[in-house]
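See below for the structure under consideration.
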Amino acid sequence: MRRLDDKGAVIDRAKPLNFTFDGKPYQGFAGDTLASALMANGVRIVGRSFKYHRPRGFWGAWVDDPNAIMSVTLNGIELPNCLATTTYLENGMEARAVNAWPTAKHDIKGGLDLFHRFLGAGFYYKTFIWPDWHLFEPMIRKMAGLGAVTPDHLDEFHSDQIHDHCDTLIIGGGASGLTAARVAAEAGQNVVLVDDQAQPGGSSYQTGTIADTAAADWIAAQMAAIKTAGGRVLHQTTAYGVYDHGLIACVENGAFGTAPRLWRIRAGRAVLATGAIDRPLTFAGNDKPGVMSLFASAEYLVRYGVLASDNAVVLANHSMAKEAVATLTAAGMAITQIDPDTPGLKAGGWQVTNGISVSGRHHPSDVVLATSGLTPLVHLWRHAGGKLTWDDARQAFLPDGQLSNMQAIGAANGTFDLNHALDEAQAAGLGQSHPRQDTSHHLTPVWPKPGSKGRQWIDFQHDVTLKDIEVAARENYVSVEHLKRYTTLGMASDQGKTSNMAGLAAMATLKGATIPEIGTTTFRPPFVPIPLEVYHGAKTKQLYHPVKRLVLEARHRDADAALCEYGGWLRPGWYGNGAAADHIRDEAMTARTTAGILDGSPLGKIEVMGPDAEAFVNFVFYNTMTTLKPGHIRYGFLLTEGGIVYDDGVVSRIDNDRFLISCSSSHVDGVRSLLENWRQDGNNPDRIFIHDLTMQWATITVTGPKARDILNGLDLDADVSADALPHMRFIETHHQGHPLRIARVSFSGDLSFELSIPSRHAPNLWDKVTAVAGTMDAHPIGIEAMSILRAEKGYIMVGKDTDGETMPQDVGFGIPRRKKTNAFVGDRSLHTDKANVPSRKVLVGLSVPHGEPPLVTGAHVVTDGANQRSLGYVTSSYHSPFLSRAIALGMIEGAVERVGDEVTVWHDGSNRRARIVSPCFLDPNGERLHA
Amino acid sequence: MRDDRHLWTPPKPLWNPLAFKDANLCAVTLTRQSLISGTNVRKADLPLIEWPDVAKDATYRLSLRRDRVAEINGDIRPEGWNATKGEACSDVSDGYTVLQLKGRAALGILKRGTEISLEHPSASVARKLFGLDVWLYRFGVEDQFRIHVARAYDETLIAHLTTAAQHR
Amino acid sequence: MSHYSAFRLFREGLRGQKGWTPAWRMPAPKPEYDVIIIGGGGHGLATAYYLAKQHGIKRVAVLEKGWLGGGNTGRNTTAIRSNYFYPESAALYDFSVRLYEGLSRDLNYNVMFSQRGMMVTAHSEHDLEMATRQYNAMRINGIDAEMLTAAEVRARVPLLNFRADARHPIHGAVSQPRGGTGRHDAVAWGYARGADTRGVDIIQNCEVLGIQKEAGRATGVTTTRGDIRADRIGATVAGHSSVLAELAGFKLPIHSYALQAFVSEPIKPILDTVVLCPAFGTYVSQSDKGGIVFGGGLDRIPSYGQRGNMPVQEDVVGALVEMMPALAKVKLLRHWGGIVDVTPDSSPIIGPSGVEGLYLNCGWGTGGFKAIPAGGYMLAHLMATGQHHDLSRPFDLDRFTTGRLIDESAASGIAH
């Protein structure tokens, strides 16, 4: 293995680069891959196989190599499991073989191979049963896996993700792809060409001339023409998956350590010019380092100027090999050709190969260049739903039939003759189909021979041998998917690129069937392994599940609010920098003694308007809404069709045909969708219109005994006296010329007003309200305090006090179920057996003896005696500062009849006693509410 | 409850345009935004902007759905159901923050957040941009884009646009 | 069948592996059986096994339209657990876990059930309250459970995001120590071999095209390999349950969706428990081969396509990277899809179909793999005795009429 002085189309000898492999220093050039640089330095053992830790050398020159897997470190960034053949060399790279210690050349686990007889495919299904799998598993797990992942987070490793469109996407920049791209671009189509190498051209460099032009010049000319015609070319970009409706996903690689860019390309049509890869031959010792692909060897020579050896044995069964042999011979390789069909063929040598032995003779050489034919890369065709047909002449699966938006050309289509390929490309560029011509090449099938002697490899990375396939057949794991899963053939990181065909062929022989009768496994994206980061992109930290922000957030921050996430919004939980519990307690007390000011802006505000608005609101709500008068407010539930409480809220009737639904802040999107769905289903959407105005209006809640005094201190035009504005009514007025709606609703159980104003005026209103409030020793309060206040009244929080079983009658609202005559959502479900059983869980209060701490939320009420079972659970539990005691709400079976009873409350193995009480702990007659 | 005040960057009003490479982002103050729904709203005297139309007038309507438009800088309208016109109207001037992204790189920035193309028209300017519901259309000149986003998400959208603008 | 053991492995190793015998036969279908089971996945094969083993009913055919175990059984993320909420679910799924605990020995096939625990993380105070409710429910129902503090979660899974700027900080978790993973193919193969040994005919590449009826009673099936009669027919076809129901003339309250799953390239051990983070909607474990196996929410358009699309992939994979940032540089090796049959309460349907002679075991949605032993056991009991087993009765189809739903949507973990 050495570098020639006069070859290497893509390397730049003016830019030498230093790197290390397994601790030893080497040099390469810009344009090299790690593999070509290592090969130029004569490194033959570059890794170890997964199971037996056998030495591995390079098989391929690009994505088809299953062996050279390394962890690579550069500038403090370490990436595990890099394929050396597709990793471009950069100065300072430190590469280490994965799954080998201390080095690939000397791996302490190499001795495992001695036990291969007992470690064949599926051996772990037949043992480790006794005494217990758990005894053996840790050892197995430690042996598995390739590279190790460092626990560090790469802070700069973020993928750019971009959507794009084009008329024509050409996948692959070899001779066919370049031609199709040029023709399509010159025909005026919006063309994108993706090629996965740094220098396009595919295997064209192996062709001396194309159209009487030196290959490198021809490639450059196509590229120039494509760009002149307005086509775009993406280099180092792999199309890895085809998805529905013409979406093709690509990753664009950049410098080492940078996250790839994701391209989601919606193409009017795609031209598949992905080429074909070389197939290994199956013979004894075929896994030894030095046995490599004939065409890869030619590729190393023409692209990188690396001659695999001065002498080689070539095993080839088809006439295409002639060109590769000629190329290598011209560069000075002394080649001996041997018929690969000769029985008893064996690669000799201990760690690396020393040549081929056959028919009593040994042919010494450092490398054995093997090929049993080319396999078209049809993965994307299959992703797109295209069918395959078996071609006997080529002994390969080829794209078959038509797809409306994809056609395959060139070697990907089984068209190995360059002139035919260029014809196909020309037609494809113009969007025309072109029948596949017969190949001028001839091939003598040489497939694995089950029963023949010697250890013969099928899957090099997973160490699946021909014998393993024989065992699988013997045990009836004969379908192609069983074969794959039982032997693990094709499940390594190369996804069977070099192993699938041999495996199928072996099974076909064993079953006395043809290869197409065995079929193929499902081709699945991604075509090559891609970092998980590609799917992640900018959606991280604050941009992952972003919260909604209040227009008053700056005010809250100035007041030292603890901002917490409630229902998708960032809201004040409490105010102050001290201990949360102290602030919350103080706020709850303030709200009951003077008043609390709460930013209630996230509360849903969805208007339903139109001639059918009343009928519609009455239909979607459990409670009767037809009797709601303008200016009035009513509490109600939205149910699912299953009769389960989906959300609660208040409905305000603004006008005959205008309703305002105030749903929970956490459910706004869901309620809006629910309303829109029902509007279109069984109702007349031309007579019902739904506007979500949650963002338009900010709401400031003033709650407590001093609430009215505060409002009176604002200089409003409106009369907010008890007579003018009773509970559950609203008025529309103005504040400083801006519309202001004042609703008298209460979540706290105290006298309470909700002031709603267009958002931009909220800061001004907040300042006025808090200033007036401050003069009365009333202050802003957060959600935590409000949660206690509402619990004191037994007011539910949907999703906390209710769950997937709760029906409205369970929380005290049973009348519409019995009395409402119009149809409404969920109606029928409220009359099932289950809806009527006496043991339904219902909302009650739970009281503990004075001085005891609150019950744990999530504790269960349990039956007493043997066979303990749960009767329900504690859903809300607080210490009430105003009542100076612990209070709790719970959903308990049949509890309404049991008010006054003592029950056992169980949490984490401990029992407490509590009494079932009314859920309303404060002001049951509502005097404070109706003040 | 967990105190997250340090987990979220305090919001900064966009008083001055943000300069990106070959693009800039600013906030726009409109006189009025009105949501109008009804069976005939797409037939009116005002220009109806779809994608990829360029709105050029002081007052125009955005086509959102077959039965919904957003009227921009139109007259004050009474809110609620108008039986004569068969329209429901709501003022949403405070509900949407309006951003304007202009420059050679603008479309490329937007493509980081939505599948958009000048060659693929749409009758609606409503779409998702970086996962957020927006109204997106061109205004004034061909490389200037207006984006209406729910005010509670305007910080998020600005952060996404800023991140997207950093990619080359 | 050859008995499997270390000794046998050793012996065959010396003899060139020539003595292994088929794991199952490939018989031609007979014209008549006592029982036909439609669907040769885990549940169908387990049903056949228990019919033969527990009830001595061996004239059984399992009809599989493709290759056995090729549906959801071969496509799932292999989690086994019983951390459900309602007593009925806890009993059923824990019965399954107990069967899994002895399954390798029972089948003489290593299904590699690894009980390394399954934890569900809590990312807020509200999450912790619900986790407490769940934890207590498990304990009261007799299921093993632990409440873990944030520090304990961190010690067990250092890979999780504990950075100060993590979007969803971890407050703690509920763990089921007896939960874990199993080798999905091995479960199917083990049951197949066990059933076949006891005389069950497993007929692969045999698609059922119609249900034959006489006087409203199911009497047999028409298939691509001929007509076959049977006294009783069990349907275990998962995502195709609605299709089969239509063939038989009844309806099921099922929607079928694509569920995607993912595996990374193999890496050295870095995660030794199963983790579900509801705030992210993604669950993850590491297989014995080293691949990170994970999944998340459904592709929400009903489909039999067994493939999903990019938006869900970005949601699920992006969530994993946000949960465990160190995995950003690990590479995805493969993604695939299956069809999940989802019921309104995320609980399975086990029981008579309404067509006499035809019995159902379906509706497992995203959670069928863990229940393979129990599902098979219950259906076998039902078909052998004509009566529900106590554990399966609550899951009868009639619950959708009575309203006695068992709403495990929270416990199933994945957004429906």
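Note down the relative contact order for chain A as a percent, whole number, built from C-alpha pairs under 8 angstrom at least six residues apart.
Reported as a whole number, the value is 9 percent.
Give the lysines whose C-alpha is closer than 22 Å to that of residue A:768, dropping any in the same chain fewer than 8 places away, or say none.
A:706
Just want the answer: with Cβ charges of +1 for Lys and Arg and -1 for Asp and Glu, which residue in A:675, A:101, A:384 is farthest toward the dipole's positive end in chain A?
Result: A:101, furthest along the dipole toward the positive end.
Determine which lysines satisfy two conditions relative to residue A:629: a Cα distance under 28 Å, and not lying fewer than 8 residues away in the same chain.
Qualifying lysines at Cα under 28 Å: A:605, A:793, A:819, A:820, B:85.
Using Cα pairs closer than 8 Å and at least 6 residues apart in sequence, work out the relative contact order for the stretch A:606-692, in percent.
37
Note down the nm distance, to one decimal, between modelled labels 7 Å out along Cα→Cβ at residue A:629 and at residue B:50.
It works out to 4.8 nm between the two label points.
With angles folded into 0 to 90 degrees, how steeply does helix A:580-593 sit against the dominant principal axis of chain A? Use alpha carbons for both and round to 10.
Once rounded, the angle reads 30 degrees.
Mind listing the phi-derived Karplus ³J(HN,Hα) values for the stretch C:77-89, rounded to whole Hz, using 6.51, -1.76 and 1.60 with θ = phi - 60°, and x for any glycine or proline?
With the stated coefficients, the stretch C:77-89 comes to 9, 6, 7, 10, 6, 9, 7, 9, 9, 7, x, 5, 5 Hz.
Using only Cα atoms, figure out Rg for the protein assembly as shown and give it as a multiple of 2.2 N^0.38 Å.
For the protein assembly as shown, the normalised Cα radius of gyration is 0.98.
Given an 8 Å cut-off on Cα distances and at least 6 residues of separation, report the relative contact order of the stretch B:14-166 as a percent.
27
Counting only the backbone N, which residues of the stretch A:733-748 are under 20 Å from the spot 7 Å out from the Cα of residue A:655 toward its beta-carbon?
Of the residues in the stretch A:733-748, A:733-735, A:738-743 have backbone N under 20 Å from the label point off residue A:655.
For a quick check: sort A:775, A:703, C:402 by the number of other beta carbons within 10 angstrom, fewest at the front.
Going from sparsest to densest Cβ surroundings: A:775, C:402, A:703.
Mind listing the long-range amide H neighbours of residue A:388? Cut-off is under 5 Å, sequence gap 5 or more, other chains count too, H placed in the peptide plane at 1.01 Å from N.
Amide H neighbours of residue A:388, under 5 Å, 5+ apart: A:400.
Checking the a/c ratio against 1.5 first, then a/b against b/c, what shape does the Cα gyration tensor give for the stretch B:128-168?
oblate
Between residue C:304 and residue A:94, what is the label-point separation in nm under the 7 Å Cα-to-beta-carbon projection?
5.7
Report the calculated FRET efficiency for residue A:918 and residue A:719 (r = Cβ-Cβ distance, R0 = 30 Å), to the nearest 0.05.
0.30
For residue A:209, what charge total do you get from the other residues with a beta carbon under 14 Å from its beta carbon, if Lys and Arg give +1 and Asp and Glu give -1?
Net charge in that neighbourhood comes out at -3.
Using 0.36 nm times the number of residues separating residue A:109 and residue A:557, minus their current alpha carbon distance, what extension gain do you get?
Roughly 155.2 nm would be gained on extension.
What list do you get for A:381, B:8 if you sort them by fewest beta carbons within 10 Å?
B:8, A:381
Shielding by partners for C:108-119, please: the mean number of other protein chain Cβ atoms within 10 Å of each residue's Cβ.
Partner Cβ neighbours, averaged per residue: 4.
Per-residue HN-Hα couplings for the stretch B:93-101, Karplus 6.51 cos²θ - 1.76 cosθ + 1.60 at θ = phi - 60°, whole Hz, x for Gly and Pro?
4, 9, x, 10, 7, 10, 10, 10, 10
Collect residues whose amide H, placed 1.01 Å from N in the peptide plane, falls under 5 Å from the amide H of residue C:124; neighbours closer than 5 in sequence don't count.
C:171
Once each part is reduced to its C-alpha centroid, what is the distance from the stretch A:761-776 to the stretch C:356-373 in angstrom?
Cα centroid of the stretch A:761-776 versus Cα centroid of the stretch C:356-373: 61 Å apart.
Points 7 angstrom from Cα along the Cβ direction at residue A:771 and residue A:213: gap in nanometres?
7.8
If the cut-off is a Cα-Cα distance under 17 Å, which aspartates and glutamates reach residue C:251, setting aside same-chain residues fewer than 8 apart in sequence?
Correct list for residue C:251: C:341, C:345, C:356, C:396, C:398.
Would you pull out the residues with amide H under 5 Å of residue C:62's amide H, same chain only if 5 or more places away, H placed 1.01 Å from N?
The list, which skips near neighbours in sequence, is C:37, C:201, C:202, C:203.
Provide the gained length on full extension for the span residue A:329 to residue A:140, in nm with one decimal, where the gain is 0.36 nm per separating residue minus the Cα-Cα distance.
63.4 nm
I need the calculated FRET efficiency for the pair residue A:350 and residue B:3, taking r as the beta carbon distance and R₀ as 56 Å, to the nearest 0.05.
0.25
I want the antiparallel fraction of DSSP beta bridges within chain A, as a percent rounded to 5.
Here the share of antiparallel DSSP bridges comes out near 75 percent.
What's the FRET efficiency of residue B:128 with residue A:823 using the Cβ-Cβ distance as r and R₀ = 22 Å, to the nearest 0.05?
0.05
What are the ³J(HN,Hα) values, in whole Hz, obtained from phi via the Karplus relation 6.51 cos²θ - 1.76 cosθ + 1.60 with θ = phi - 60°, for each residue of the stretch A:206-221 in sequence order, with x given for Gly and Pro?
6, 7, x, 10, 10, 6, 6, 10, 4, 3, 4, 5, 4, 4, 4, 5
What is the order of A:54, B:66, A:264, fewest Cβ neighbours within 10 Å to most?
B:66, A:264, A:54
Run the numbers for residue A:362 and residue A:911: contour at 0.36 nm per residue of separation, minus the present Cα-Cα distance, in nm.
Extra length available between residue A:362 and residue A:911 comes to 189.3 nm.
Using only Cα atoms, what Kirkwood radius does the stretch A:837-917 have, in angstroms?
It works out to 12.5 Å.
Can you classify the stretch A:451-524 as rounded, prolate or oblate using the Cα gyration tensor, where a ≥ b ≥ c are the square roots of its eigenvalues, rounded means a/c under 1.5, and otherwise it's prolate if a/b beats b/c and oblate if not?
In terms of gyration-tensor shape, oblate.
Coordinate-derived values only; no laboratory data. What you see is a predicted model, and the numbers here were worked out from it, not measured in a lab. Virtual Cβ from ideal backbone geometry, glycine too; neighbours counted across all protein chains shown.
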